[in-house]
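Worksheet: one structure, shown below.
Quick note: the coordinates plus some simple rules give every number you see, no bench work behind them. Every value quoted in this text rests on a predicted model; they were computed, and no experiment measured them. Positions of Cβ are generated from backbone atoms using ideal geometry, with glycine treated the same way; all protein chains shown enter the neighbour counts.
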Amino acid sequence: MRSPLMRRLGLTAILALVLAVFGLAPAASAAPATAELTFATDSASTTPGGTVNLSMTITNNHTYDIWFVYQTIDPTWLTTQRPDLKYSFTGCSLATAAGATPCSGTGPANLGANYGTTVPPGQSRTVTLTLQVATDSGCNGNIGFYSYFYAEFSDSTNLSGGPVYTPETRVLCA
């Protein structure tokens with residue numbers, strides 16, 4: 001004797017399968033992102049002793065100001081597997097209409113304060129970190145980073161994002 005519950009579950013499963021096959025099932029809709037973090041470098045490679053500028057841009061796609069940003073930056077797992085690659089962040093600047101201004105907080109600490117928030121709707125802020133490769137660094141390896149960020153908006157909403165990966169910098173032998 002079959003249970004009425006099993007019959008209902010079977011009928012529900014068949015109906016869900018038919019809807020999915022014919023594309024009539026409700027589509028999952030993702031909420032639009034309200035802030036975006038992107039990275040760029042001024043060079044894809046360098047040599048030991050060289051520098052590369054790593055630019056981080058946060059864009060406010062929300063209809064309210066970004067009031068607060070918290071951001072971390074850490075080396076990727078593959079970068080940590082090459083202990084002969086030696087590097088550090090030696091500079092930081094915020095791009096403004098009047099030119100670049102120095103910022104603080106380089107390294108994996110809170111980089112978000114460097115964006116000079118508030119960031120109005122539709123605008124972006126770019127912070128550039130200078131990556132210095134040591135003269136005694138190993139070569140023929142890639143240096144890359146990943147970042148997580150958290151943003152708060154003036155309408156009391158917030159957004160967490162990441163990981164966002166930087167372009168890798170290849171350290172070439174001279």
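Observations on the structure shown:
- Nitroxide proxy distance, nm - points 7 Å out along Cα→Cβ at residue 90 and residue 38: 2.9
- Ordering of 154-162, 138-146 by packing [mean C-beta count within 10 Å, highest first]: 138-146, 154-162
- Fully extending the segment from residue 155 to residue 100, taken as 0.36 nm per residue of separation minus the present Cα-Cα distance, adds 16.8 nm.
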